[in-house]
Amino acid sequence: MPVTDTLHAQDDLLHPIDLVEALAQQHEWAFDRLADDQIAMEVEGQWRTYAITLAWSARDETLRLICTFSVEPPAHRLGALLTLLNGVNERCWDGAFTYWDEQGLMVWRYGLVLDGGQMAAPGQIDRMIAAAVEGSERFYPAFQLVAWSDQDAEAALQVAIGRTYGRA
């Protein structure tokens with residue numbers, strides 16, 4: 001049975017962060033409920049473990065997600081990384097990356113607006129988290145290539161754009 005199916009019967013009664021916590025438990029992700037309106041978790045990807053935080057803002061009725069991973073390029077590569085970041089964001093439809101230089105973190109950001117008292121469905125939240133991990137996985141090699149080699153942004157972006165089909 002899909003993870004979200006078991007939550008549907010009660011989803012209209014749950015706070016968005018309660019839904020996130022239930023999903024984290026079902027996926028067996030390590031998590032920490034930081035406050036009533038915030039949760040942090042770790043999700044294992046192919047390239048690395050991603051730190052994901054979701055926070056609910058009742059004031060503007062938005063569920064915010066950030067997914068972070070370390071990218072600490074040498075100072076002389078930062079310009080190329082930022083150029084790549086612009087190219088990456090042109091290809092993202094369900095969120096956007098930003099770079100937090102002080103922390104050395106690449107950040108995927110997305111906000112689900114639930115105005116007018118709407119409730120998030122478990123499937124929506126599951127998809128938000130999946131999109132963050134998929135986007136991070138897709139572009140992680142390109143970020144690393146630009147940060148740690150002499151490749152330019154366009155060449156690195158081709159790594160992320162190319163998709164492998166089939167099996168060897």
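The values are calculated or read from the model by the stated rules, or taken from the named source; none is laboratory data. Since we're looking at a predicted model, the values are computed, not measured. Virtual Cβ from ideal backbone geometry, glycine too; neighbours counted across all protein chains shown. Calculation scope for accessible area: heavy atoms of the full protein, side chains included, ligands and nucleic acids excluded. Shrake-Rupley method; radii C 1.70, N 1.55, O 1.52, S 1.80 Å.
Assuming R0 = 45 Å, what is the FRET efficiency of W148 and A40, from their Cβ-Cβ distance, to the nearest 0.05? Walk me through the numbers on the way to the answer.
On the way: r = 27 Å, r/R0 = 0.61.
Once the sixth-power term is evaluated, E becomes 0.95.
Report the FRET efficiency, 1/(1 + (r/R0)^6), for N86 and R59, where r is their Cβ-Cβ distance and R0 is 35 Å, rounded to 0.05.
On the way: r = 31 Å, r/R0 = 0.88.
The calculated FRET efficiency here is 0.70.
Just read off the accessible area of L34 with the full protein assembly in place, 1.4 Å probe, to the nearest 10 Å².
90 Å²
For the stretch 73-130, just say rounded, prolate or oblate: build the C-alpha gyration tensor, square-root its eigenvalues into a ≥ b ≥ c, call rounded for a/c under 1.5, and beyond that prolate if a/b exceeds b/c, oblate if not. Spell out each step's value before the answer.
Numbers: a/c = 3.20, a/b = 2.58, b/c = 1.24.
Cα axes put the stretch 73-130 in the prolate bin.
Ignoring everything except DSSP H segments at least 4 long, calculate the 222 nm mean residue ellipticity for the chain; use -39,500 (n - 2.57) per segment, divide by total residues, nearest 500.
Working: 4 runs with 61 residues, N = 168.
It comes out at -12000 deg cm²/dmol, rounded to the nearest 500.
Accessible area, 1.4 Å probe, largest first: how do V113, V146 sort?
On the way: V113 90, V146 0 Å².
These residues rank, largest area first, as V113, V146.
Counting other Cβ atoms within 10 Å, keep those with at most 11, restrict to DSSP loop, and tell me which chymotrypsin sites (Phe, Trp or Tyr not before Pro) in the stretch 50-148 are left.
W93
In µm²/s, what is D for the stretch 11-89 at 10 °C and 1.306 mPa s, where D = kT/(6 pi eta Rh) by Stokes-Einstein and Rh is the Kirkwood radius from Cα pairs?
Working: Rh = 14.6 Å.
So the translational diffusion coefficient is about 109 µm²/s.
Where does the longest stretch of the chain lie that holds no trypsin sites (Lys or Arg not before Pro) found in a DSSP loop with 16 or fewer other Cβ atoms within 10 Å?
Details: sites that count: R48, R59, R91, R163, R167.
The longest such stretch corresponds to 92-162.
Springs between alpha-carbon atoms under 10 Å, Gaussian network over the chain: tell me which of A35, A75, A121 tops the mean-square fluctuations.
Answer for the Gaussian network model of the chain: A75.
Using C-alpha positions alone, give me the convex hull volume of the stretch 54-152 per residue in cubic angstrom.
Details: hull volume 9.8 nm³, N = 99.
Here the figure is 99 Å³ per residue.
Give me the percent of accessible area attributable to carbon and sulfur for the stretch 60-168, probe 1.4 angstrom. Working shown, then result.
Values: 2920 of 5770 Å².
Its accessible area is 51 percent carbon and sulfur atoms.
Sort E137, E42 by accessible area with a 1.4 Å probe, largest first.
On the way: E137 30, E42 105 Å².
Sorted by accessible area, descending: E42, E137.
Could you give the accessible area per residue of the chain, probe 1.4 Å, as a whole number in Å²? Numbers along the way, then the final one.
On the way: 9260 Å² over 168 residues.
Heavy-atom SASA per residue in the chain reads 55 Å².
What residue among Y99, Q118, V43 has its Cα farthest toward the positive end of the dipole of the chain, where the charges are +1 on Lys, Arg and -1 on Asp, Glu, each on the Cβ?
Among Y99, Q118, V43, the one farthest towards the positive end of the dipole of the chain is Y99.
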